[in-house]
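A short worksheet on the structure shown next.
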Amino acid sequence: MTKAEQVRQVAWRLRIFQHSSEQSRRVAHTCRYFGISRKTFYKWKKRYEADGPAGLCDRSPRPQRSPTAFSPDVVSKVLYLRQNYHFGPGRIRDYLQRFHDISVAVSSVHRILLRHGMNRLPANQKHRGHAKRWQRYEKPQPGHRLQMDVKFLERIPGTRKRLYQFTAIDDCTRIRVLKVYDACNQATAIVFMNEVVRRLPFRILVVQTDNGAEFQSHFHWHLEALDIQHVYIRPRTPRLNGKVERSHRVDDQEFYQLLDQRGISDDIHLFNEKLQEWEDYYNYHRPHGALDGQTPYERLVAKTRAGSSPAS
C-alpha cells in the first residue's frame, strides 16, 4: 500500500467515527451505512483511542512472535552446510541430528533454504539424469565384493610431481581404506592391497577394478595368491564401479576443496596423515545417505549382529 492510499484509508475511517458521533447516531446505523461489522468498528475505535490516527493504519497479519520458528543458530548451521558442502535437505537433517542433537524435518530444512535463496545447487553440483537408468545393487555381507580404483590428484604447483589416491570401498558397508602414493603402477597396487587386507576387519572374497595398467597380471595373480577373486568391469563402464566413483566425488566436495595443501602436497607422509583423519571421519562419523543416515561402521555392526544372531 502506497502512502497516498494509506492517507485515504485513515481519512475514510475517521469519517466513520465522525458519522457515528453526529446527532448521537447509533453504532449499528453507522456500520450499516458504511458496510462494516460492529466488531470491526470497535476494533478500529480501540486502536484510535490508544494511538490516534496512526492506529487506523492496516497492520501486518504476521504474528509478533513465532514459538515454532527456528533459532538463528539452527538456520546458520543449515546455511553453512549448504554453502560449504552443497548438502541436500536430507543430508543436512542427518548432520544436525548426529553432530548437534537437533531434530529438524527435511521439509523444514528445505523451507529454510528456500527462504534464503539457496534451494538450488550450483550448476556443477546439480544431479545429471541418464537417458537409461541402471539398477543399483548391494552385496548382502561385508567383504563379498570390494571396489578399488585410483584417483589422480592435481599436480603439485611448481613441479612435475603427481600423487595418486588409491581407494578401496566395501560394497555392503561402504567402509573405505585410503592411501596416497607417488606412483601408480602394479607394485603400488599390490602394496595397497596388502594394506587393505591388514586393515579391514572382515575377509575379502572378491575385488573389482577397472582395466587400468596398475591392475593387470602381477596384481591379479597376487590376489589369487591371497585367495581373493579378481574381476574386471567392462571397458568404458565406470558406472559398474559406481560406489568408489561416487566416493571420489565426496572426497572432492568434502575433503580436497577444504584442504589447505600448502606444506603437505610435497610431504607424502603428512598428506597421508590428513587423509587418514578424513578416512576415520568418513567411516565412523559421517552419516551416509544410501545407508539411511548410518555411518559405514554402524552398518558393519548391524550386519555383523544380524549374521551372528541365531535363526528363529
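Nothing in this text is a laboratory measurement; each read-out follows from the coordinates by a stated rule. This structure is a prediction, so every number in the text was calculated from the model and none was measured. For neighbour counting, all protein chains shown are included, and Cβ atoms are generated from backbone atoms with ideal geometry for every residue, glycine included.
Observations on the model:
- Projected label distance in nm at residue 17 and residue 306, using a 7 Å step from Cα toward the beta-carbon: 7.2
- Where trypsin sites (Lys or Arg not before Pro) fall in DSSP loop in the stretch 215-252, at most 14 other Cβ within 10 Å: 236
- Based on C-alpha pairs under 8 angstrom that are at least 6 apart in sequence, the stretch 3-56 has a relative contact order of 31 percent.
- Mean Cα-pair separation over length for the stretch 146-308, i.e. relative contact order, pairs under 8 Å, 6 or more apart, %: 22
- Projecting the Cα positions of 27, 256, 235 onto the charge dipole of the chain (unit charges on Cβ atoms of Lys, Arg, Asp and Glu, taken about the Cα centre) puts 27 furthest along the positive direction.
- Dimensions (Å) - the stretch 72-120, Cα atoms, principal axes, largest first: 26, 20, 19
- On Cα atoms only, tilt of 72-85 relative to the major axis of the chain in degrees: 40
- Distant-in-sequence amide H partners of residue 175 (H built 1.01 Å from N, under 5 Å): 170
- For the stretch 268-277, 3J(HN,Hα) per residue [Karplus equation, 6.51 cos²θ - 1.76 cosθ + 1.60, θ = phi - 60°, Hz, x = Gly/Pro]: 5, 5, 5, 4, 5, 5, 5, 5, 5, 4
- Among 145, 198, 15, the largest mean-square fluctuation in a Gaussian network model of the chain, built with springs joining Cα atoms closer than 10 Å, belongs to 15.
- Normalised by 2.2 N^0.38 Å, where N is the number of residues, the alpha-carbon radius of gyration of the chain equals 1.65.
- For residue 191 and residue 280, the FRET efficiency from 1/(1 + (r/R0)^6), where r spans their Cβ atoms and R0 equals 25 Å, is about 0.75.
- Extending 7 Å from Cα along the Cβ direction at residue 43 and again at residue 4 yields two label points whose distance is 2.8 nm.
- Think of the stretch 72-120 as having a plus end and a minus end, set by charges on the Cβ of Lys, Arg, Asp and Glu; of 88, 105, 76, 88 sits farthest toward the positive end of this dipole.
- Percentage relative contact order, the chain, counting C-alpha pairs under 8 Å, at least six apart: 13
- 17 Å Cα-Cα reach of residue 77 towards aspartates and glutamates, excluding residues that sit fewer than 8 places from it in its own chain: 94, 101, 254
- Nearest-0.05 FRET efficiency for residue 205 and residue 252, computed from C-beta distance (R0 35 Å): 0.70
- Cut-off under 5 Å, modelled amide H: who pairs with residue 295 long-range: 288
- Here the spin labels are modelled as points 7 Å beyond Cα on the Cα-Cβ line, and at residue 260 and residue 84 they lie 1.3 nm apart.
- Normalising by residue count, the stretch 201-312 has a Cα convex hull of 173 Å³ per residue.
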